[in-house]
1. Taking Cα centroids, how far is region A:277-340 from region A:135-151 in Å?
2. What whole-number distance in Å separates the alpha-carbon centres of region A:72-116 and region B:145-177?
3. So if I average 1/r over every pair of distinct C-alpha atoms in chain A and take the inverse, what Kirkwood radius in Å does that give?
4. Zone of A:SER344 (label point 7 Å along Cα→Cβ, backbone N under 17 Å): which residues in region A:295-334?
5. Keeping all protein chains in the complex and leaving out DNA, RNA and ligands, what accessible area do you get for A:PHE278 with a 1.4 Å probe, in Å² to the nearest 10?
6. Using every pair of alpha-carbon atoms in region B:124-173, split the distances into 10 Å bins beginning at 0 and state the percent of pairs per bin, rounded to integers.
7. Where the only charges are on Cβ atoms (+1 Lys, Arg; -1 Asp, Glu), what is the dipole of chain A about its Cα centre, to the nearest 20 debye?
8. Can you put A:ARG293, A:ARG361 in order of accessible area, largest first, using a 1.4 Å probe?
Amino acid sequence: MHQFNADTSFSKLARKQSCYVILILTLLNFTPQSLAGSKEQAIRIHSRIAGVPPSQEVLKEMTELVASGKQKEAASLAIANPNFLNITIFDMFAPFTNENETNRVNLSDYLATVIGMIRDNSDFRGVLTEDVIYTPPISNDTLSWSTDNNTWYEKFQEDNPESFSDLLVKGKQSIVIKPALQAHDQNVANFNDWAGILTTREFAVGYYFDGTNRAALRYLGKSFLCKDIDQLTDTTTPDYRIRQDISRQPAGNSNVFKSKCAGCHSGMDALSGAFAYFDATETKDASNMNVLRYTISPGKVHNKYFRDAQVFPAGYATKDDGWVNLWSEGANKSIGWTGPQKGSGVRSLGVLYSRSNEFARCMTKRVYARVCLKNVETLNIEEKSIIDELVNKFSTSNYNMKDLFAESSLKCLGD
Amino acid sequence: MFKKKCLNLYILAIAISSSLIGIQGCGKKNAFKSVEKNASQDSEKKNGSNEIILEEKNSIDDNINKESNSTEQSIADNNVDVGLKNFLQINATFSILTDVKLDNQNIIDTFDDVKLQLPTDNDIKSFSPSIQVAISKLATQYCYTLISDVSLRTKIIPGFDFTANVSDAFSSTSQDIIINALFKKFWIDEKGGPDQKTAKATLLTLLSELKKGEESGGATKTAAIATGLCTAVLASSATTFL
């Protein structure tokens, strides 16, 4: 057995005939006929949810369920397919783990935690607030969670490409990752602000690396409120929390600051204080190898918060990891913030975001777009009302993502 | 809603030279007719003024551009209810349909080779010939691995004699065995998928081309032709569309 290549005698024939194959591949793109029957609906539900066709046995069962009006039960069978987690959930959240927003990434503690929480029917709001992490099972090899690399997760996915989601094990960050972080800063011993994916290594190397940690706030909003920073711009927001590194008269014009810079920074800087103790930096490990290390320094604001402080010394000097939500009034009030509008640390910030109305709406839109192949930026009135209905069901199902997928799939069964 | 028929034909137009395909139901059909008609008129006016011909040509080009832009714009503007599987979904789909495991080293190597060329997301509007080439490369590896494995090929294509020479293996009766088996295993959506009667006729055309000059070939040639048929069915829209 070997890889198909142009050097084999077998391939000579195939190469000779390749033009015919390509032609016929294309010719076989015939027009699908209308989707109407129970079987066709079952196939569509399965393909959209799991990304792969069902087995003959599952298809038969799903077809019978659809025929008897139990489409949601049929969708549950599709959700039980391992590829719902391995592919659909993995692919849905993979772009949120990095600033390049690519889905061509490996399994990480971020993705494993998302996959595990959905697999275990957790209240999905906990993805930003819980002391939880999913890891490969502990084995005899020497790999474990590391501040310096993602090797444990990558190797686990490579070794178990068809079953890695099923095999993930639930744990607590305060137990699994705390010792490794503590090795770089003893103060971590007293740190208890664990907050789901916000305190994973993958989020750290994605958004706490270099910069000013504003990227963490930007991508938190982009990933879980479906709102990039420019969509949150509001020049009426008070600007007293804008940090020292932002010029109040860019290019010598203070109007530019007031009409442009302050629109984003006033709200963003007031919230990004929550990340003041987090960092990811390039350094050398014990073997003198270059690594990207995730660190937490409880009680000590990272230097990056004071970089370029001379630009406007009268600006806000970050004192601790306190934050305040200045977007609770004005244009961004529509996000539907609930609960405390100020706090300290990432967990309380995660609570603010995950308890907002827009969190549930964002997750719903993402699932509906994926399952029904809709552009959620251009929804018509009927589709907007579908989103409203699904948001309501999502919140009454204890924010169960599997249920959201099942309900969404019923909205586009075909004609 | 943009009609699927139009969409599929648009994909055909991208995938292979539009001169090979009758584009029906799309705006471009008129554009091509217009070219032919006006080209003929140009011919008749050979002795006429070059300026008039040039003017007419410009007018034709304008019409083609307008209709072409209009068609492309209408495609871009419309929501479609069909999607293209992304790189992960295509790889997993091929693995499930052929029963070849994802951790097969040859599959891993081929997938790594073509991964970036496969679709990133499910947007059907991103479909291009290079994507189809990557899909067919991956499908070829899956089919090669399938056909090379005696137990797998017996399970997926039961009753087909892979040890026979080409003329016997693909006789008028036994050729149906492999084609029907591939349809049954790979195209589970008989109604919503491609029309199998038409597809079968096309596959038989392919088969006759593949057999030319190879009738006396042995089991190796039989396997090669079977791999070609397998690839054609596996890499089709019936398996790669959502």
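The values are calculated or read from the model by the stated rules, or taken from the named source; none is laboratory data. Not measured: the values here are computed from a predicted model. Here Cβ is always computed from backbone atoms with ideal geometry, including for glycine, and neighbour counts include all displayed protein chains. When the accessible area is computed, the model is the full protein with side chains, heavy atoms only, and any ligands, DNA or RNA have been set aside. Shrake-Rupley method; radii C 1.70, N 1.55, O 1.52, S 1.80 Å.
1. Comparing the Cα centres of region A:277-340 and region A:135-151, I get a distance of 28 Å.
2. 38
3. Across chain A, the inverse of the average 1/r is 23.7 Å.
4. In region A:295-334, the label zone of A:SER344 (backbone N under 17 Å from the point 7 Å along Cα→Cβ) covers A:297-302, A:318-325.
5. Number for this one is 0 Å².
6. Histogramming region B:124-173 at 10 Å steps yields 22, 34, 26, 16, 2 percent.
7. On the way: 45 positive and 47 negative charges, 126 e Å.
Dipole magnitude for chain A comes out near 600 debye.
8. A:ARG361, A:ARG293
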